Every structure is written in structure tokens, then in C-alpha cells.
Amino acid sequence: MTPGTALVVVDLQNDFCAPEVVRGRHGATPEDLAAVTTRAARAVDVARANGTEVVFVRFVGDMVHQGASWRARDAALGKAPKCRDGSWGAEFRGVTPAADEHVFTKLACFDAFLAEGFESHLRSRAVEHVVLAGVYADVCVDSTARTAFQKGFHVTVLTDCTTSLHLSGDDVFRFMRRVYGARTVPLDAWSAGPGRSGAWAASRAGSA
């Protein structure tokens with residue numbers, strides 16, 4: 001296993017990525033999401049082939065898990081809970097965790113570090129560098145990257161393995177580089193491996 005690095009796959013689930021449910025609802029188009037899902041699945045294959053741990057994070061949004069502010073927002077916007085526990089909408093889209101890979105569940109929250117056991121798992125594996133793929137760049141991926149940075153992890157975001165919901169992707173990635181020191185690169189640059197781009201090593205500073 002590549003020491004110190006984990007690929008974290010965020011919220012690749014039907015309610016966020018399936019064309020039949022996202023058309024007309026999200027800022028990202030179904031075509032964008034299909035391409036992101038395909039490339040994120042490829043990132044999983046690349047990580048596995050290179051001995052890098054893959055960690056999956058999923059969202060469960062049942063009302064019983066929502067805080068008062070979350071419920072008030074949904075009521076004001078007419079939003080129904082997404083990724084209800086046990087539903088088709090909560091199932092992974094385009095990726096399937098292997099039997100020995102870990103899945104962590106966020107209960108009506110954005111940040112993977114709020115999922116029970118997520119941080120302790122990374123610490124137990126001596127992970128220093130998280131590589132992020134999944135949705136959305138300006139919501140759950142950003143929330144996770146922000147906390148990762150504050151907790152001392154180096155951050156890489158695979159720019160073509162995610163897409164934005166509300167904000168410009170370029171603006172989001174520029175912000176991550178500036179504020180979190182994140183490395184923002186496409187999948188092919190990351191998959192080049194050590195000795196070519198240094199992409200498998202923990203990044204000490206952001207790059208364009």
C-alpha cells in the first residue's frame with residue numbers, strides 16, 4: 001500500500017449522480033455527473049492498482065438525522081430528504097467498495113470528518129495525505145478538504161473527478177489552493193505515479 005495516502009470517494013450516490021433524478025435539479029448537468037462518475041471510478045481502479053487505500057464516504061439524509069437548521073432550510077426551499085437510508089437513492093453510483101475497503105456514513109452533514117470513525121481510521125493507517133474525488137466540489141468535497149487541512153492532512157483534489165453545484169469549479173479550486181494549500185490536478189496527472197509527477201506523494205504545497 002502506498003504509505004501515507006488515501007483516496008477518499010465522496011457521495012457518489014444515485015440521488016446526487018443518477019441522470020433520471022438530477023436533471024433540472026442541480027447546477028451540474030447529468031452529462032457532467034456521468035463523466036465525473038466514470039472518472040472517479042477510474043481513480044478507484046488506479047488507486048487499487050497502485051496499492052493506495054480507497055475509502056468511501058456516503059450521505060444519509062433522513063429527517064431523523066437532520067438538525068433544526070437543516071430541516072428549516074429544506075422546508076423553506078421545498079427540498080425533500082435525499083439518500084434515505086436503505087433507498088435506491090442512497091446506493092453508490094458507478095463504484096462498488098471491495099470487501100476489505102471501508103465505508104463511512106455522514107448523517108445529514110457535508111463533512112466526511114463528521115462521519116463516525118472516519119478520522120480515527122485515517123490516523124490508524126498513518127494517512128497524511130487525502131486525495132478527494134466525488135461530489136460536490138463546492139459542498140461536501142470542499143467541506144472535507146477544509147477540515148482535512150485544519151487537522152494537518154495534505155490535500156489533493158482530482159479536478160476532473162468532481163464537479164460543482166453552485167459555484168464555478170475554477171473559483172472553487174483556486175480557493176482550495178490559496179486557502180488550504182491543496183494540490184488540484186486532473187486524474188491523469190495524479191495517476192502518473194512517483195518518479196514522473198510526484199503525484200503519489202503527500203503534497204507540501206498547492207499547485208495550479
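The values are calculated or read from the model by the stated rules, or taken from the named source; none is laboratory data. The structure presented is a predicted model; accordingly, all values stated were derived computationally and were not measured. With ideal geometry, Cβ positions are generated from the backbone for all residues, glycine too; neighbour counts draw on all protein chains shown.
Structure notes:
- Count of the stretch 50-69 residues which are surrounded by fewer than 21 Cβ atoms within 10 Å (Cβ to Cβ), of a type in the set (A, V, I, L, M, F, W, C) and farther than 25 Å from residue 20 by Cα: 2
- Within this structure, residue 160 fails the test of being crowded, with 24+ Cβ neighbours inside 10 Å and part of a helix (DSSP H, G or I).
- Inter-residue pairs, beta-carbon under 6 Å, first under 17 Å from residue 16 (Cβ atoms) and in the stretch 72-91, second hydrophobic (A, V, I, L, M, F, W, C) and part of a loop (DSSP other than H, G, I, E, B), 6+ apart: 89/83; 90/83
- Restricting the search to strands (runs of 3 or more DSSP E) fully inside the stretch 45-141 and requiring at least 2 residues that are on the phi < 0 side of the Ramachandran plot and at pLDDT below 95 gives an empty result.
- Yes/no for residue 75 being over 25 Å from residue 151 (Cβ atoms) and in contact with a Gly (Cβ under 6 Å, 6 or more places away or on another chain): no
- In the stretch 112-140, of all residues being surrounded by 18 or more Cβ atoms within 10 Å (Cβ to Cβ) and acidic (Asp, Glu), the one that is farthest from residue 10 (Cα to Cα) corresponds to 119.
- For the stretch 98-111, taking the residues that are more than 15 Å from residue 59 (Cβ to Cβ) and in contact (Cβ under 8 Å) with a residue 40 or more places away in the chain, the one that is surrounded by the most Cβ atoms within 10 Å (Cβ to Cβ) is identified as 102.
- Across the stretch 79-124, the qualifying residues are those that are closer than 24 Å to residue 184 by Cβ and charged (D, E, K, R), and the one among them that is nearest to the chain's Cα centre (by Cα) is 111.
- Residues located in the stretch 146-157, provided they are part of a helix (DSSP H, G or I) and either among the charged types (D, E, K, R) or surrounded by 24 or more Cβ atoms within 10 Å (Cβ to Cβ) (or both): 146, 148
- Residues that are over 18 Å from residue 166 (Cα atoms) and surrounded by 20 or more Cβ atoms within 10 Å (Cβ to Cβ) within the stretch 15-38 comprise just one, 37.
- Counted residues, the stretch 117-126 - those being over 16 Å from residue 103 (Cβ atoms) and hydrophobic (A, V, I, L, M, F, W, C): 1
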